[in-house]
Amino acid sequence: MYILAIDTSADETAAAITSGRKILSYISYTQILQHREWGGIVPSIAKRAHEERIDFVVAEVCRKAARYIKPQGGELLKKIDYIAVTHGPGLAIALEVGIKKAKELAIKYEKKLISVNHMEGHIYSCFVQNSRGKPAGEFQFPYLALLLSGGHSEIVLFEDHLRYKKLGETRDDAAGEAIDKAARLLGFGYPGGPAIEKLAKEAGDKDDYKFPRPMIGTNTLEFSFSGLKTAFYYFFKSLPDEEKTKKVRELASSFQQAVLAVVLAKMVLAVEQTGVKNIVVGGGVSANHRLRSQLRALAKKVNGRIFFPPYPFLTGDNAAMIGVAAYYKAQANVFADLNLLDRIPRLSFA
Ligand code: ATP
């Protein structure tokens, strides 16, 4: 089963062609440079950039997939079975571009449409395979899904294909958002995660400043990162300029330690509360090596298994994860109505 998947939920114009769990081709065309000078994503710029690139991105994934699928009469899309698209959560006017293109192609090529929740995609990113079917391994439900991105921080019970139950989420800022803001204060551009991770590593992952760990001791699976962000802001502003520069590594390291300590504590609690020991981790922050090693240690301790997106591009926004989630929807005969499909910017798990 071949699927063309499209994701334009934020600042990546992404398309992929997948076959089951395998990626046959993908492109994630980033807009980072266009948003960088504004310190975050500007919706109108995102919409225009998606509109300018969407045709190219779809054409390119078709061209690349021709290695695996023989085009019919020169048109590879004729051989595609379904068209999948992210319908939320995300920026309304950005989502709209992908949905419009998916509908247009569905009509032209007479294909059924599949709508996918972007966060559902981040869960399935842990199960995406390359074109040779690697990494192999079957699903062993249930899983605890930890989703940490620039827009979301949540823990979801992934009971079976298409069955999700949200156990907790952030009350304010997402983990990635807080990290980006701290990085900006320290003088680093968007996205701040890689810079903070690098500085923390250079500081030996020390925790000199012991910043607050909001909600760490509470018996809930909810997060809150805005208090930490504010504490970091005032502490940083109170430092003499010389120390701000001299201690940049230690500051980044302590901030990262605070974020990761909360995340780890919530995952320990989630395992205790649910008895579920298999964990999947998705979203941009899942690229963080320190987070990965701490969660691997947790999984080992409880005798569970842990999965991260197997290829670096799968940690951020991409369409391959949308194609793989869509495959399980197609198998369950869950299709979207062409006339009713619309963007849902605040789409959430129940
Ligand atoms: P969403 O997926 O919820 O729509 P998004 O598009 O902002 O949000 P992603 O692309 O999944 O999210 O993630 C981006 C976030 O991941 C940014 O906040 C970025 O700083 C963070 N990030 C990327 N790499 C790392 C890293 N190595 N360590 C920590 N955070 C990281």
Near the amide H of residue 167, under 5 Å away, which other amide H atoms are found, from residues 5 or more places off or on another chain, if H is placed in the peptide plane?
155, 156, 157
How large is Rg over Rh for segment 143-309, taking Rg from the Cα atoms and Rh as the Kirkwood inverse mean of 1/r across Cα pairs?
0.98
Rounded to the nearest 20 debye, dipole of the chain from Cβ charges on Lys, Arg, Asp, Glu:
860 debye
Helix 193-202 axis, angle to the chain major axis (alpha carbon atoms, nearest 10°)
40 degrees
I'd like the FRET efficiency for residue 293 and residue 216, computed as 1/(1 + (r/R0)^6) with the beta carbon distance as r and R0 of 25 Å, rounded to 0.05.
0.80
May I ask what percent, to the nearest 5, of DSSP beta bridges between residues of segment 143-309 are antiparallel?
65 percent
Can you give me the Rg/Rh ratio for segment 174-225, using Cα atoms for both radii and the Kirkwood formula for Rh?
1.02
Compute the convex hull volume of the Cα atoms of the chain, divide it by the residue count, and report the result per residue in Å³ as a whole number.
129 Å³
Against the longest alpha carbon principal axis of the chain, how many degrees, from 0 to 90 and to the nearest 10, is the axis of helix 226-238 turned?
50 degrees
Pull out the extension gain between residue 45 and residue 205, defined as 0.36 nm times the separation in residues minus the alpha carbon to alpha carbon distance; nm, one decimal.
53.9 nm
Could you work out how far the C-alpha centroid of segment 189-239 sits from that of segment 313-343, in angstrom?
34 Å
Fewest-first ranking of 289, 50, 161, using other Cβ atoms within 10 Å as the exposure measure
289, 161, 50
Trypsin sites (Lys or Arg not before Pro), restricted to segment 208-269: which are DSSP loop and have at most 13 other Cβ atoms within 10 Å?
210
Exposure proxy ranking, count of Cβ atoms within 10 Å, fewest first, for 1, 119, 321
1, 119, 321
Could you give the length gained on full extension between residue 303 and residue 68, defined as 0.36 nm per residue of separation minus the Cα-Cα distance, in nm?
80.7 nm
Under 13 Å Cα-Cα from residue 300, which aspartates and glutamates qualify once same-chain neighbours fewer than 8 residues away are excluded?
none
Of the listed links 70/329; 101/134; 246/277; 201/266; 101/198; 22/111, those spanning more than 32 angstrom between alpha carbons are 246/277; 101/198
What length, rounded to one decimal in nm, is gained on full extension from residue 348 through to residue 165, with 0.36 nm per residue of separation minus their alpha-carbon distance?
64.9 nm
What 222 nm value per residue comes from the helices of the chain, counting each DSSP H run with n ≥ 4 as -39,500 (n - 2.57) and dividing by all residues, nearest 500 deg cm²/dmol?
-13000 deg cm²/dmol
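Read-outs throughout are calculated quantities, based only on the coordinates presented, and are distinct from any laboratory measurement. Please read these numbers as outputs of a predicted model, since none were measured by experiment. Positions of Cβ are generated from backbone atoms using ideal geometry, with glycine treated the same way; all protein chains shown enter the neighbour counts.
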